[in-house]
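Participant: Here it is: the structure, laid out below.
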Amino acid sequence: MGVIRVTVRGHVAKYFPQEQDSFDFPADRALTALELLRALNVDPLLIMGVSVNGAKQPKDALINLGDEVLFFSPPAGG
Amino acid sequence: MNGYAGNILRVNLTDRTHQILPLPASLARDFIGGRGFVAKLMWDEIPAGADPLGPENKIIVAPGPLTGAFLPGAGKLEWGAKSPATGGYGDSNIGGHIAPEVKYAGFDAIIIEGQASEPVYLYINDFNIELRSAAHLWGQGALQCEAALKTELGEEFQICTIGPAGENKVLFACISHDFGRQAGRTGIAAVMGSKNLKAMAVHGTKSIPLADPAATLEVGKQMFAACFSKPGFEEWTPQGTAGVTNWVNEVGAFPTRNFTSGFFPKYENINGEALVTRIKVTDKACYGCPIPCGKYSRVRKPNYDMHVEGPEYETIALIGGNTEIDNIEDVAYANYIQDELGLDSISGGNVVGFAMECFEKGIIKSEAIGGRTLRFGSVEDFVWLSEEIAYRRGIGNILADGVKKASEFFGQGSERFAIQVKGLEWSGYEARFAPAMMLSYITADVGAHHNRSWAITFDVATGRDKLEGKAKRVTELQHIRPLFDMLCLCRLQWVELGFELEWYPKIFQAVTGQNRTWDELLSFSERVWNLTRCFSLREVPGFGRSADYPPARFMEEPIPDGPTAGKFLPREVIDRLLDEYYEIRGWDARGIPTAGKLSALGLGFAEATVAPLRG
């Protein structure tokens with residue numbers, strides 16, 4: 001068992017569990033960002049972008065235990 | 001009064017006089033500032049039934065109580081007038097650097113009335129107020145005119161201008177400032193043009209009284225620090241609002257081909273990455289802004305070499321996807337042309353897209369436009385038509401009145417795809433599979449604009465096929481976002497970074513000395529929302545529920561392709577959304593505030609006007 005460090009950037013944090021924008025997600029294996037979002041009961045369409053350990057990645061990128069994943073909110077236009 | 005300059009400037013263009021009047025304490029107490037001042041002064045000052053382009057219409061300009069103080073994003077200036085586009089309440093705000101200058105000059109509001117007999121510009125240097133000849137500026141582009149006045153007056157003056165479109169009273173002309181910031185919506189620049197007012201130049205050196213200067217400095221410092229440390233700060237800034245382009249396509253909400261579709265297959269050629277890698281020179285921020293959304297760009301092609309601020313998301317959506325111009329260089333070029341002409345690029349892109357569909361359907365024939373074409377995807381056709389509109393030449397004279405009036409002229413079913421509400425063209429989110437966003441657009445007080453309530457993430461989060469809770473959330477957002485316009489703050493720190501709303505009552509108290517909770521401040525916003533509704537009820541015959549529907553395309557035509565293919569919101573769904581929305585608002589089934597609601601909000605003075613409309 002390990003954890004994935006999750007940070008949510010911007011306004012969609014309110015749709016994450018307990019409206020948290022930073023938390024550890026316990027996991028027993030590596031997950032894709034899509035799998036992680038579904039496990040958190042968050043529609044992946046809410047997320048504009050994903051970064052894993054500081055590098056931008058697609059939503060199907062694999063996140064290993066101990067990694068830090070950042071989820072970006074969509075901005076709201078001009 | 002702490003937080004306020006304490007004065008209102010009244011300028012009469014007809015007799016070339018001005019008065020400096022004390023700011024009524026009741027106005028500040030009950031309507032806060034900015035949009036609140038605009039709404040109340042429009043109600044009081046503009047005679048019922050005034051011609052929007054006649055001398056009896058008035059332009060109200062107002063900063064807010066936090067304008068010019070030390071906090072992030074305190075640089076918005078609110079403009080208002082009876083809208084020539086909708087006939088009802090109109091406002092639009094502008095960033096840049098002019099709002100603090102108005103405040104430092106000593107004014108919490110400016111009322112501009114009458115009509116000059118010849119072109120003038122309004123010169124404000126503290127209490128030295130003059131109407132100066134603009135004969136040498138008339139005919140100049142909006143950006144060109146600002147440069148000329150900077151040369152004439154000095155860099156310390158902050159300047160708003162109109163371009164040829166405003167001079168020619170195009171109903172979606174915009175006010176320009178800081179070489180690329182615009183008060184774009186509702187056609188207030190056309191009102192300036194009708195008054196022969198080419199520009200307003202402002203310089204101020206006065207102080208603003210603060211309730212607690214030390215607390216203002218301390219809370220302001222904390223707010224800046226909180227902003228800089230916010231997750232997302234570094235990622236959001238490089239692309240600014242253009243960064244949302246991919247996501248809007250992913251959710252199928254990107255205006256494409258005059259809102260035929262919500263997905264533009266070539267979006268990667270006009271998105272934020274294309275902007276950053278191919279044309280961006282640097283970031284550009286407004287007064288006191290730690291998260292510069294402005295992108296200053298340069299485009300060099302064989303036939304042009306120009307600089308432009310932008311394109312930001314809305315321009316990418318309306319000039320790019322909506323007219324299918326599929327490369328960022330041409331989108332930026334078309335953006336520059338409309339900026340210089342003084343056209344709002346949201347309505348501008350929407351109107352050109354409408355005309356292109358009319359051409360494609362044979363409603364506008366080639367022989368009617370001198371043998372030319374109006375093809376989707378053609379930047380040459382886009383630029384040509386923009387100029388025809390700005391100078392009201394030929395078919396441009398019809399389109400210069402916006403898609404609603406143009407479709408009434410063209411007929412042949414074109415009103416079905418005239419994408420507007422209340423006469424204001426729809427902005428950058430296709431909403432046929434986003435009920436909360438749809439409700440946001442159709443109930444926005446100025447017409448189809450996204451800035452009153454941006455609810456598309458709420459739709460995605462709570463289920464786009466569900467209606468429950470949508471009206472409630474839209475109502476909440478319609479109080480939160482316009483409150484920023486009353487305080488004259490940029491809301492992007494909150495929207496884009498998730499900056500906590502709890503900061504704002506703290507700084508409001510430090511500046512004004514008034515101890516208000518956020519919910520109390522929201523109640524002022526609800527008051528203003530109802531007052532603007534009453535204004536439009538007073539001014540627009542038959543206004544009410546009938547003005548709250550989207551065009552037929554959105555209620556009857558399924559989206560043909562992309563991730564939202566097959567979706568649309570039929571009229572019965574719109575009716576259900578409106579019924580729930582009116583009930584939450586305390587309005588009757590015709591969309592008219594009840595007597596009880598007006599009384600509860602301190603708007604009893606509007607009851608005599610509104611009561612006869614209830615029947």
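The values are calculated or read from the model by the stated rules, or taken from the named source; none is laboratory data. Small disclaimer: the values here were computed from a predicted structure and weren't measured. Cβ atoms come from the backbone with ideal geometry, glycine included; neighbour counts cover every protein chain shown.
Participant: Mind listing whichever residues of the stretch B:168-181 are surrounded by 24 or more Cβ atoms within 10 Å (Cβ to Cβ) and either farther than 15 Å from B:Tyr336 by Cβ or in the same structural domain as B:His307 (by TED's automatic domain parsing) (or both)? First the steps, then the outcome.
Facilitator: Step one: filter the stretch B:168-181 for residues surrounded by 24 or more Cβ atoms within 10 Å (Cβ to Cβ), giving B:170-177, B:180-181.
Within the stretch B:168-181, B:Val170, B:Leu171, B:Phe172, B:Ala173, B:Ile175, B:His177 qualify.
Participant: Residues that are in contact with a Gly (Cβ under 9 Å, 6 or more places away or on another chain) and buried (at least 20 other Cβ atoms within 10 Å of the Cβ): find the helices (runs of 4 or more DSSP H) completely inside the stretch B:461-556 holding 2 or more of those. Walk me through how you get there before you give the answer.
Facilitator: Values: elements: B:470-487, B:492-497, B:503-512, B:518-539, B:552-556.
Here the list reads B:470-487, B:492-497, B:503-512, B:518-539.
Participant: Output the number of residues of the stretch A:38-56 satisfying the condition of being within 13 Å of chain B (Cβ to nearest Cβ) and surrounded by 13 or more Cβ atoms within 10 Å (Cβ to Cβ). Break it down into steps so the answer makes sense when it comes.
Facilitator: Of the residues in the stretch A:38-56, the ones within 13 Å of chain B (Cβ to nearest Cβ) are A:40-51, A:54-56.
Next, only the ones that are surrounded by 13 or more Cβ atoms within 10 Å (Cβ to Cβ) stay: A:40, A:42-51.
Adding up the residues that qualify gives 11.
Participant: Residue check: is A:Glu35 among the charged types (D, E, K, R), surrounded by fewer than 18 Cβ atoms within 10 Å (Cβ to Cβ) and either under 30 Å from B:Leu477 (Cα atoms) or within 12 Å of chain B (Cβ to nearest Cβ) (or both)? I'd like the intermediate steps shown before the answer.
Facilitator: Values: among the charged types (D, E, K, R): yes; surrounded by fewer than 18 Cβ atoms within 10 Å (Cβ to Cβ): yes; either under 30 Å from B:Leu477 (Cα atoms) or within 12 Å of chain B (Cβ to nearest Cβ) (or both): no.
For A:Glu35, the condition - among the charged types (D, E, K, R), surrounded by fewer than 18 Cβ atoms within 10 Å (Cβ to Cβ) and either under 30 Å from B:Leu477 (Cα atoms) or within 12 Å of chain B (Cβ to nearest Cβ) (or both) - is not met.
Per-residue answers, yes or no, for (1) among the basic types (Lys, Arg); (2) over 26 Å from B:Ala134 (Cα atoms); (3) assigned to a loop (DSSP other than H, G, I, E, B):
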| residue | (1), (2), (3) |
| --- | --- |
| B:Met1 | no, yes, yes |
| B:Tyr4 | no, yes, yes |
| B:Leu9 | no, no, no |
| B:Thr14 | no, no, yes |
| B:Ser26 | no, yes, no |
| B:Asp30 | no, yes, no |
| B:Leu41 | no, yes, no |
| B:Ala48 | no, yes, yes |
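Participant: Check whether at least one residue in the stretch A:12-33 is closer than 22 Å to B:Val248 by Cα and assigned to a loop (DSSP other than H, G, I, E, B), and report yes or no.
Facilitator: Scanning the stretch A:12-33 turns up at least one residue that is closer than 22 Å to B:Val248 by Cα and assigned to a loop (DSSP other than H, G, I, E, B).
Participant: Specify which of the listed residues (B:Leu318, B:Leu385) is within 14 Å of another protein chain (Cβ to nearest Cβ), part of a helix (DSSP H, G or I) and in contact with a helix residue (DSSP H, G or I) (Cβ under 8 Å, 6 or more places away or on another chain).
Facilitator: B:Leu318
Yes/no per residue for (1) away from every other protein chain (no Cβ under 14 Å); (2) without any contact (Cβ under 8 Å) to a residue 60 or more places away in the chain:
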{"position": "B:Val244", "(1), (2)": "no, no"}
{"position": "B:Asn249", "(1), (2)": "no, no"}
{"position": "B:Phe259", "(1), (2)": "yes, no"}
{"position": "B:Gly272", "(1), (2)": "no, yes"}
{"position": "B:Cys293", "(1), (2)": "no, no"}
{"position": "B:Arg298", "(1), (2)": "yes, yes"}
{"position": "B:Tyr304", "(1), (2)": "yes, yes"}
{"position": "B:Glu329", "(1), (2)": "yes, yes"}
{"position": "B:Tyr336", "(1), (2)": "yes, yes"}
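Participant: Given (1) in contact with a strand residue (DSSP E or B) (Cβ under 9 Å, 6 or more places away or on another chain); (2) within 14 Å of chain A (Cβ to nearest Cβ); (3) among the hydrophobic types (A, V, I, L, M, F, W, C), identify the lone condition not met by B:Ala226.
Facilitator: (1)
Participant: If you don't mind, there's one more thing I want to ask. When residues of the stretch B:255-274 are filtered for being part of a loop (DSSP other than H, G, I, E, B) and either on the phi < 0 side of the Ramachandran plot or not assigned by TED's automatic domain parsing to the domain that holds B:Gly310 (or both), how many remain? I'd like the intermediate steps shown before the answer.
Facilitator: Taking the stretch B:255-274 as the starting set, the residues that turn out to be part of a loop (DSSP other than H, G, I, E, B) are B:255, B:257-260, B:262-266, B:270-271.
Remaining after also requiring either on the phi < 0 side of the Ramachandran plot or not assigned by TED's automatic domain parsing to the domain that holds B:Gly310 (or both): B:255, B:260, B:262-266, B:270-271.
Here the count works out to 9.
Participant: Right, B:Tyr287: part of a strand (DSSP E or B) and among the aromatic types (Phe, Trp, Tyr) or not? Steps first, please.
Facilitator: Numbers: part of a strand (DSSP E or B): no; among the aromatic types (Phe, Trp, Tyr): yes.
Taking the combined requirement at face value, the residue does not satisfy it.
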